[in-house]
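Computed from the coordinates by the stated procedures, all read-outs in this text should not be read as laboratory data. Nothing here was measured: the structure is a model prediction, and the numbers come from that model. All Cβ positions, glycine included, derive from the backbone under ideal geometry; neighbour counts span all protein chains shown.
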């Protein structure tokens, strides 16, 4: 049995799992409106993991996208203030949908909105970790997003805290998660862009993230709804693995993929944990945000 099959076999034993969903994975491609069938599948998959005895955090994009559809604002011409208004409306609507469907499977979810100060400020970080801990004890499934209504750098920033790829990695490190599953319109890491290079090879397992690997990342994404390409995902992988968390990048086209990943099937690119101490990680995050 090769290294890939061996490490993937152990994924079923992961106890605390963070799942990140991008806007593009939640939307109908043609309209950028919420795909309710996919949302229902996502929640059913998460509830089944919780029924297995696992603790699951959902890091969900989509608030601004849902708000756009509600307010009739075009993404092309919107201002930052309009994005904030869309986030305010869309976050409430998105949580209403999540709470309704989670309740149908006899589970409760709760909202946590974060900014970069949640991680970098000692007191904020302590309070947030306590909140996660109590939610887990109460059987509540945390649904996390960036607080786009007030923190405008979260909307347009290219910093480590500027998108939900990085946010999910920060959450995973903060709560000492065992596994981060990052689902989007990218199905894994290749040696080159497979859309332009037919000879690009898929990378199954990454045991160490170095500068050469980071250069493989692309800053573009093929979706109108999402914001993060492969470059941000590799940067997020570095944060998550530093925090002692394995991470998988996989396609969010079909959310049934979640239980297939946990079963150890050969899906996506698996990044193996390379834990550093907490102060090293915090220093790394501060440097990246400057």
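The slack in the chain from residue 279 to residue 259, taken as 0.36 nm per residue of separation less the alpha-carbon distance, amounts to 3.8 nm. Distance between the C-alpha centres of region 56-81 and region 241-267: 25 Å, rounded to the whole angstrom.
Working ranking of peptides 8-14, 249-255, 69-75 by packing, defined as the average number of other Cβ atoms within 10 Å per residue, highest first, is 249-255, 8-14, 69-75.
Computed log10 I(q)/I(0) for the chain at 0.12, 0.14 Å⁻¹: -0.72, -1.01, from the Debye equation with unit scatterers placed on every C-alpha and solvent omitted.
Relative contact order of the chain: 23 percent, from C-alpha pairs under 8 Å at least 6 residues apart in sequence.
Beta-bridge orientation, region 3-288: approximately 20 percent antiparallel, per DSSP, counting only bridges with both partners inside.
Counting beta carbons within 10 Å around each of 245, 109 and listing the fewest first gives the order 109, 245.
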